[in-house]
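Each remark here refers to the structure printed beneath this line.
The values are calculated or read from the model by the stated rules, or taken from the named source; none is laboratory data. Model, not experiment: these values are computed from the prediction. Cβ placement follows ideal geometry from the backbone for every residue including glycine, while neighbour counts extend to all protein chains displayed. What goes into the accessible areas is simple: the full protein's heavy atoms, side chains included, and nothing from ligands, DNA or RNA. Shrake-Rupley method; radii C 1.70, N 1.55, O 1.52, S 1.80 Å.
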Amino acid sequence: MCRFLIAVMAALSIVSCSREPQPAQSSSPAPAPAPPAGGRLFVTNENGGDITVIDVAAARAIATFPVGKRPRGIKLSPDGSTLFVALSGSPSAPPGVDESKLPPADKKADGIGVVSVSEQRLIRTIAAGSDPEQSAISKDGSRLFVANEDTGELTVVSVEDGHVLATFKVGGEPEGVELRPDGKVVYVTSEEDGQITAIDAIDLKLIKTVKVGKRPRSTAFLPDSTRAYIPAENGAEVWVLDAMTHVVLKTIKLSGELVKPMGSVAAPDGSHVFITTGRGKNVVIIDTKTNEPVATIEVGERPWGIAVAPDGKTVFTANGPSGDVSIVDVESRAVKARVKVGDRPWGVVFVP
């Protein structure tokens, strides 16, 4: 009996050893999480070199990922799948700084970062001239219009292959770049020369240069493309232009302590324009029927970048020195929440 058991065990051992090892089952990649129902904010952190993602409904940061040096201006592609982020290797040089004492620029870091919204990561970087600060994207998503701050130029590049399609001299320290909603014209602000340059976005031709106030920072077009609102930081003014003829219609004077109008965005229905005031700590609401300020809301330390939700009920500001974003209810004209992000938030864009 004992010999029989030994023989059986030996046979089982041989069978076991002769079996082929079973390959490990491959696991398919986990699907990307569904975006929050209330939409997301993507916020560039200039000093941190990264982007923070905010769940708007929950009013909390849900992710942060690197993109490159000094991310500032940020725009969403027409199809909502891609973000374009202005990156710069030039050292930060606030007004009054002796630039001769700054460290040398890292020109290899200059470009427009292409970011996947769904994957929340940098895909590639497009070379788009020196020291990009802000950009605009054509309505078909094929062209980028990029302000090159240190060379006083606008560079137009192909998104597909990075080919430079055109360059324009647009005045010293160009910053704000905005496409008219009809897709036909781009406005570029020149801080140094106090002017707006209007460029044909289709045929890539210079249309007109218009003098405005001191240190213009951005442009907000009304949704119907009829008017443009340009904040002039050092004049505490907002200049209103006929966006079809590029003629100044009115200058709106803003009141308040340390008011430095900077960022701007129009409500989706065109009823209001929202202006950040930098050191003034506020958002000013302008009624576009009367072209007069109708409300001032304190939002945080030196608000600059600004965005509005598609329903027009909420405004968001990037507050640089305090490292947070304010979520503002337009109807009650009150800050609902402040969300901590990264180091020196600069630009903000809403993604449904």
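At a glance:
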| item | result |
| --- | --- |
| Contact order normalised by residue count of the chain, Cα under 8 Å, 6+ apart, percent | 12 percent |
| Apportionment of accessible area to carbon and sulfur, region 71-186, percent (1.4 Å) | 50 percent |
| Under-5 Å amide H pairs with residue 191, H placed in peptide plane, nonlocal only | 175 |
| Pairs beyond 26 Å (Cα-Cα), from 211/253; 108/214; 169/214; 69/340; 69/313; 211/289 | 108/214; 69/313 |
| For the chain, calculated [θ]222 nm from helices alone, where every DSSP H run of n ≥ 4 adds -39500 (n - 2.57) | -1500 deg cm²/dmol |
| Within-10-Å neighbourhood charge of residue 337 [Cβ basis; K, R +1; D, E -1] | +1 |
| Taking the C-alpha atoms of region 104-247, convex hull volume expressed per residue in Å³ | 121 Å³ |
| Under the Karplus curve 6.51 cos²θ - 1.76 cosθ + 1.60, θ = phi - 60°, whole-Hz ³J(HN,Hα) for region 274-290, x wherever Gly or Pro sits | 10, 10, 7, 10, x, 5, x, 6, 10, 10, 9, 9, 10, 7, 7, 6, 9 |
| Region 105-171: C-alpha gyration tensor shape, a/c 1.5 cut-off, then a/b vs b/c | oblate |
| Angle between the chain longest axis and helix 2-18 axis [Cα atoms, degrees, rounded to 10] | 30 degrees |
| Prolate/oblate/rounded call for the chain, Cα gyration tensor, a/c under 1.5 rounded | prolate |
| Normalised contact order of region 162-285, rounded percent, pairs of Cα under 8 Å and 6 or more residues apart | 16 percent |
| Region 211-352: relative contact order as a whole-number percent, Cα under 8 Å and 6+ apart | 14 percent |
| Amide H partners (placed H, <5 Å) of residue 67, local residues excluded | 50, 51 |
| Residue-wise HN-Hα coupling along region 61-67, computed from phi with Karplus coefficients 6.51, -1.76, 1.60 (Hz; x: Gly, Pro) | 6, 10, 6, 9, 9, x, 9 |
| Amide H within-cut-off set for residue 232, under 5 Å, with H built and near neighbours excluded | 237, 238, 239 |
| Solvent exposure of the chain as accessible area per residue, Å², 1.4 Å probe | 47 Å² |
| With every protein chain in place, region 307-351: carbon and sulfur % of accessible area (1.4 Å) | 46 percent |
| J(HN,Hα) series, region 78-84, from Karplus relation 6.51 cos²θ - 1.76 cosθ + 1.60, nearest Hz, glycine and proline x | x, 8, x, 9, 9, 10, 10 |
| Solvent exposure ordering (accessible area, 1.4 Å, most first) of 218, 92 | 92, 218 |
| Peptide ranges 199-212, 228-241 listed from the most packed, as the mean C-beta count within 10 angstrom indicates | 228-241, 199-212 |
| Nearest-10 value in Å² for the accessible area of residue 336, using the 1.4 Å probe | 130 Å² |
| Loop-located GluC sites (Glu not before Pro) in region 244-351, at most 15 other Cβ atoms within 10 Å (DSSP) | 257, 301, 331 |
| Most to least packed among 119-128, 50-59 [average Cβ atoms within 10 Å] | 50-59, 119-128 |
| Protein accessible area in region 209-282, 1.4 Å probe - carbon and sulfur % | 52 percent |
